[in-house]
Amino acid sequence: MLPLRGFTLAEVLITLGIIGVVAALTIPTLMQSYQNKQYVAGFQKAWGLLSNAVEMSEAHNGFANTWDEPVTVNNVDENYMQKYWLPYFKVIKDCGIAQGKGCMPTEVHYLNGDIGPHNDSLRHYKILISDGMSMDFCQNIGSNPYRQHIVVDINGSKGPNIYGRDIFWFEFFANEDKKIFPFGFHNDFNIEEECSLSGEGKVCGAYLVKNGYKMDY
């Protein structure tokens, strides 16, 4: 009769220890990779929603280069927003230019950790849409051609509220065929430097587009 053989308690504990070390090293990386893919998907969805809104607005209001030029108070023309933008989103909360109404996070940060500007205290036009995204609209009056800046937090006020992670900056070129593009795509920015852990992250949408949608910063 063959003798019974098995693992000793010491061998079992050593094996479990090795598994624990490997898990501690690999699981955070896998979780971060998964989260980054979610952020990228959110960025793509936000871009699609903005582009679709422009197309629907043009179908009702004519080409964007024929739209009325905004007349702003505090960087926003509310009538312009209500005519050309708001009907083309599923808005669940319209904060307008009011402060502290919950349409944007109370505090946001750049990639480098510094505090960023697009929080709920700005007197920009702010909305929360049914997809859970927060949107901040600011008209860049006096620019040639006219541009509108739109900052989107793809998961609303949920964390981490960081540019280049869950917050992305877009530009709307009303007088050109460019239409909606990530901020920095058509500007002379050093995208690799700006979209890094030492940069602000405002142009990370442009970085993603030009680098195959890889969030490797």
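Quick notes
- Where a residue in segment 67-83 is within 15 Å of Val54 (Cα to Cα) and modelled with pLDDT of 85 or more and its partner, wherever it lies, is among the aliphatic types (A, V, I, L, M) and not in a helix (DSSP H, G or I), with Cβ under 8 Å and at least six apart: Trp67/Ala174; Tyr80/Val71
- Qualifying position, being modelled with pLDDT of 95 or more, surrounded by fewer than 20 Cβ atoms within 10 Å (Cβ to Cβ) and not basic (Lys, Arg), among Ser157, Ser130: Ser130
- Within segment 92-127, considering residues that are over 21 Å from Lys202 (Cβ atoms) and among the hydrophobic types (A, V, I, L, M, F, W, C), the one surrounded by the most Cβ atoms within 10 Å (Cβ to Cβ): Cys95
- Residues that are surrounded by fewer than 16 Cβ atoms within 10 Å (Cβ to Cβ) and within 15 Å of Ile150 (Cα to Cα) within segment 45-73 comprise Lys45, Gly48, Ser51, Asn52, listed in sequence order.
- Selection count where residues are buried (at least 22 other Cβ atoms within 10 Å of the Cβ) and either without any contact (Cβ under 8 Å) to a residue 12 or more places away in the chain or more than 13 Å from the chain's Cα centre (by Cα) (or both), scope segment 196-217: 1
- For Val151: the one exception among (1) more than 17 Å from Lys179 (Cα to Cα); (2) among the hydrophobic types (A, V, I, L, M, F, W, C); (3) at pLDDT 95 or above: (1)
- Looking across segment 201-217, the residues that are under 20 Å from Gln148 (Cα atoms) and not in a helix (DSSP H, G or I) come down to Gly201, Lys202, Val203.
- Just one of the numbered conditions (1) within 27 Å of Gly199 (Cβ to Cβ); (2) in contact (Cβ under 8 Å) with a residue 40 or more places away in the chain; (3) surrounded by fewer than 22 Cβ atoms within 10 Å (Cβ to Cβ) is not true of Phe89: (1).
- Segment 53-148 holds strands (runs of 3 or more DSSP E) entirely within its bounds, and those carrying 1 or more residues that are among the polar types (S, T, N, Q) and under 20 Å from the mean Cα position of the chain (by Cα) map to 134-140.
The values are calculated or read from the model by the stated rules, or taken from the named source; none is laboratory data. Model, not experiment: these values are computed from the prediction. Note that we place each Cβ from the backbone using ideal geometry, even for glycine, and neighbour counts take in every protein chain shown.
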